[in-house]
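> Dumping the structure here so I can ask a few things about it.
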């Protein structure tokens, strides 16, 4: 990956609040901000539970259809 590409990716992450960049002489060390990722994780967890429940119900329904087809 080229240096300009890395720089561009870092700028996107900075705007999203996921990376903070400092300055030390000619160096610009970066660190990850974990708080925004925790918020996203909590938000997505709700949907993960929702979809797991829906897929479980779909699996049960499909199993009943399969059972009905194989019943004599």
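> For Rg/Rh (Cα atoms, Kirkwood Rh), one of (1) 1.06; (2) 0.98; (3) 1.42 was computed from the structure I shared and the rest are decoys. Which label?
Only one option fits the structure, namely (3).
> While we're on this one: Can you give me the distance in nm between label points at residue 55 and residue 38, each placed 7 Å from the Cα along the Cα-to-Cβ direction?
2.8 nm
> Under a crude label model (7 Å from the Cα following the beta-carbon direction), how far is residue 26 from residue 9 in nanometres?
2.3 nm
> Ok, one more. For the pair residue 1 and residue 16, how long in nm is the line joining their label points, each one 7 Å along Cα→Cβ?
Result for the modelled spin labels: 1.1 nm.
> Please tell me the relative contact order of the chain in percent, rounded to the nearest whole number, where contacts are Cα pairs under 8 Å and at least six residues apart. It would help to have the intermediate numbers written out before the result.
Details: 27 pairs, mean separation 11.2, N = 72.
Reported as a whole number, the value is 16 percent.
Each value in this text was obtained by applying a stated rule to the coordinates, not by laboratory testing. These numbers were taken from a predicted model, which means no experiment stands behind them. Ideal geometry is used to build each Cβ from the backbone, glycine not excepted, and the neighbour counts take in all protein chains shown.
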